[in-house]
1. When only residues in the stretch 58-96 that are crowded, with 16+ Cβ neighbours inside 10 Å and touching a residue at least 60 places away in the same chain (Cβ under 8 Å) count, which is farthest from the chain's Cα centre (by Cα)?
2. Hey, among the residues in the stretch 28-56 that are polar (S, T, N, Q) and outside any strand (DSSP E or B), which one's least open to solvent (accessible area, probe 1.4 Å)?
3. Restricting to the stretch 97-116, count the residues that are more than 18 Å from Gln6 (Cβ to Cβ) and open to solvent by 40 Å² or more (accessible area, probe 1.4 Å).
4. Grab the helices (runs of 4 or more DSSP H) fully contained in the stretch 67-151, keeping just those with 1 or more residues being of a type in the set (Ser, Thr, Tyr) and either on the phi < 0 side of the Ramachandran plot or at pLDDT 80 or above (or both).
5. Looking only at the stretch 9-23, how many residues end up being in contact (Cβ under 8 Å) with a residue 40 or more places away in the chain and open to solvent by 20 Å² or more (accessible area, probe 1.4 Å)?
6. So which residues in the stretch 1-46 are touching a Lys or Arg at 6+ places or on another chain (Cβ under 9 Å), modelled with pLDDT under 90, over 16 Å from Lys73 (Cα atoms) and charged (D, E, K, R), if there are any at all?
7. Restricting to the stretch 72-98, what's the tally of residues that are more than 20 Å from Ala123 (Cβ to Cβ) and among the β-branched types (Val, Ile, Thr)?
Amino acid sequence: MASLLQDTLFEIQRQAPAPSKDFHHLVITKNEVTLRSWKISARAEHRKILPREVKKTHTEFLQERMMHKPLEKIFGMNTMEYILNLCRGQFDFIVRIPDSLKMRILSFLDTQDIKQLSETCIAFQKLCSTEEFWEKMKPRPEISINAVNGKNTSVAVKTRKLSQKVQGPVWMRRRRSTLF
């Protein structure tokens, strides 16, 4: 699975919250964390300040708690948690799989599961919203299991009509006009 990891695991840039106008760029690679900062100011004495660059290994970054608070303030708590997890070696491999392989895996799911998966993260929402994805999905019969009645314990298996198989569920037919 480590071969799925690219050299750059995560990259983000953002301007610091007000009143600061400083610009920050954070890059997480397999081996190190690099933070670049540019001081942005209209004051003459700040014009001569050069950009800063701080490089730390993952272990050093985890131990350097003084860096965590300013980064959390700039990039947010959720992003900081994600950065710490990457430094601990907790990678999100499923998002890093190539799209062609993800489409192959998703082709085994039924449409309701695809809908739920598209609501989990932005990467899957974008993938499940592409025309290429839906062209590769083959229409197949959806099986629903319904109880015959409340008193009887027997179960009847019903399949949808042929016209419904081709068209798919209602939410899939409307996918062009709305996002999941």
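1. Ile74
2. That would be Ser41.
3. Number satisfying all stated conditions: 9.
4. Working: elements: 77-87, 93-96, 99-106, 111-118, 122-128, 131-136.
Result: 77-87, 99-106, 111-118.
5. Residues meeting the conditions: 4.
6. Of everything in the stretch 1-46, those that are touching a Lys or Arg at 6+ places or on another chain (Cβ under 9 Å), modelled with pLDDT under 90, over 16 Å from Lys73 (Cα atoms) and charged (D, E, K, R) turn out to be Asp7, Lys39.
7. 1
The values are calculated or read from the model by the stated rules, or taken from the named source; none is laboratory data. Being a predicted model, the structure only gives us computed values, none of them experimental. Glycine gets a Cβ as well: all are built from the backbone with ideal geometry, and neighbour counts include every protein chain shown. SASA here: full protein model, heavy atoms, side chains in, ligands and nucleic acids out. Shrake-Rupley method; radii C 1.70, N 1.55, O 1.52, S 1.80 Å.
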